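The values are calculated or read from the model by the stated rules, or taken from the named source; none is laboratory data. What you see is a predicted model; the values in this text were computed from it and never measured. As a convention, Cβ positions derive from the backbone with ideal geometry for all residues, glycine included, and neighbour counts pool all protein chains shown. The area values use the complete protein model at the heavy-atom level, side chains included, leaving out ligands, DNA and RNA. Shrake-Rupley method; radii C 1.70, N 1.55, O 1.52, S 1.80 Å.
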Amino acid sequence: MKKFMHQYKFVGDYRLRLVFLEKLSDKFKNTIIKSDFVIPIPISKKTLQIRGFNQVTGLFDFARSRMSTKILQVKPKEQLSKLNRRQRLKKENLFYLTGSSIENKSVLLLDDVYTTGTTLHQTAAVLYEAGAKKVNSITLAR
């Protein structure tokens, strides 16, 4: 899986998203439909410029019509993949909300890899602080 993610994210082999697309769709389509908001973990503008795509929206392309990609944003940051576990856990929360109210709504976060949980914990904290009723997540790998 480590080799797969490296090839997909850092080499930019966008076709690799198709490997898991059908299985993810089969397993999570109903969960996605039941959520008020489906939010892919955002990447920074710099990462988007370098990579050319958001790896999360690619992996969950089957749910693109349900995704809210403008609600959650991230400030410019160092790539978490370059940090060790301790550094990741100490990282300040760089996520913030824009626009839509999520008060009393259920939110489903989508991410590619759960490493330490920092990304999902930080985004969930922001969402709960804004009044989200429930926050769940789906990741491809752990």
Lys3 and Arg86 label points (each 7 Å along its Cα→Cβ direction) are spaced in nm at 3.2
Checking Asn104, Asn54, Asn84 against a Gaussian network model of the chain (alpha-carbon springs below 10 Å), the top fluctuating residue turns out to be Asn84
Whole-percent carbon and sulfur contribution to the accessible surface of the chain (1.4 Å, no ligands, DNA or RNA) stands at 48
The correct ranking of Ile39, Ile50 by accessible area at 1.4 Å, largest first, is Ile50, Ile39
Of the convex hull enclosing the alpha-carbon atoms of the chain, the direction-averaged projected area in nm² is 8.0
Counting every C-alpha pair in region 1-76, the percent lying more than 20 Å apart is 34
Computed over the chain, protein heavy atoms only, probe 1.4 angstrom, the accessible area per residue in square angstrom equals 60
